[in-house]
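Reading through the structure tokens given below for one structure.
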């Protein structure tokens, strides 16, 4: 599970699907739900960060090339979505702080 700030996990999923990558944004037991993972919330992630989560699962038949493709694809998708995000713009302009960067707090 990976969480990204300032974007919605559903948007990441749609863009990954268009690139041929299967993923989820919640826990396996709540697949199909738009609610954030209760596990992420219980470990202290705020709703807005948990909503930006991405769950990827590898199996016995997952190839190294497929893993490399995801590693190359995800950052570009995250950046594209952040470029459209008013929250990310507010972060860049110092109006809101990062949950992950403890120095920002």
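For the range 2-95, the square roots of the Cα gyration tensor eigenvalues, ordered a ≥ b ≥ c, give a/c of at least 1.5 with a/b no greater than b/c, which places it in the oblate category. When the Gaussian network model of the chain links Cα atoms closer than 10 Å, the mean-square fluctuations of 42, 25, 85 top out at 42. Our summary gives the chain a relative contact order of 34 percent, counting only alpha carbon pairs under 8 angstrom and 6 or more residues apart. Under a Gaussian network description of the chain, with springs only between Cα atoms under 10 Å, the residue in 53, 37, 90 that fluctuates furthest is 90. Would the range 65-105 count as rounded, prolate or oblate if I go by the C-alpha gyration tensor, calling it rounded below 1.5 in a/c and otherwise prolate when a/b exceeds b/c, oblate otherwise? Note, shape of the range 65-105 comes out oblate. Taking the centroid of alpha carbons for each part, the range 34-51 and the range 65-105 are 17 Å apart. A straight chain from residue 35 to residue 48 at 0.36 nm per residue would run longer than the Cα-Cα distance by 3.6 nm.
In the chain, the longest principal axis of the Cα atoms and the axis of helix 64-83 are about 30 degrees apart. Gain on full extension, evaluated as 0.36 nm per residue between residue 98 and residue 14 minus their Cα-Cα distance, stands at 27.8 nm. Label residue 22 and residue 1 with points 7 Å out from Cα along Cα→Cβ: what is the distance between them in nm? With each label point 7 Å from Cα toward Cβ, the separation is 2.1 nm.
Values quoted throughout were computed directly from the atomic coordinates according to the rules given, and no laboratory measurement underlies them. Note that this is a predicted model, so its numbers are computed, not measured. As a convention, Cβ positions derive from the backbone with ideal geometry for all residues, glycine included, and neighbour counts pool all protein chains shown.
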